[in-house]
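Read-outs throughout are calculated quantities, based only on the coordinates presented, and are distinct from any laboratory measurement. All of these numbers come straight from a predicted model, not from anything done at the bench. Every residue, glycine as well, gets a Cβ built from its backbone with ideal geometry; the counts of neighbours run over all protein chains shown.
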Amino acid sequence: MVKDASYEQAIDLYLEENDWLDDSQQPLVTQLYKIAQVLDSNAKITAGMTTEFRMTFMSLHNMRPNDEEELAKDSDEAFFASLGL
């Protein structure tokens, strides 16, 4: 956790820690960065912009696979690897 991180730095940290992200999430990531640029600028921060950032972030975050999906995927990969596939 970084104290006093900018919005862009917070996105960078999130992306580094979430390896499940792929190209299909690019539109939301781009939108987050565009909003972050405005929020990190010297412009007045509005409730609307912070709400838009939060809503976009939560849309992205809610796309993450749940633990059961990950376990099933890992099990399938281990099974196929044991077969030499």
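Numbers below:
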{"quantity": "Label-point gap, in nm, between A47 and T30 - each point 7 angstrom along Cα→Cβ", "calculated": "3.1"}
{"quantity": "Loop trypsin sites (Lys or Arg not before Pro), segment 1-67, which have at most 10 other Cβ atoms in a 10 Å radius of their Cβ (DSSP)", "calculated": "K3, K44"}
{"quantity": "Estimated distance in nm for a label pair at L21 and A81, the labels positioned 7 Å out from Cα along Cα-to-Cβ", "calculated": "2.5"}
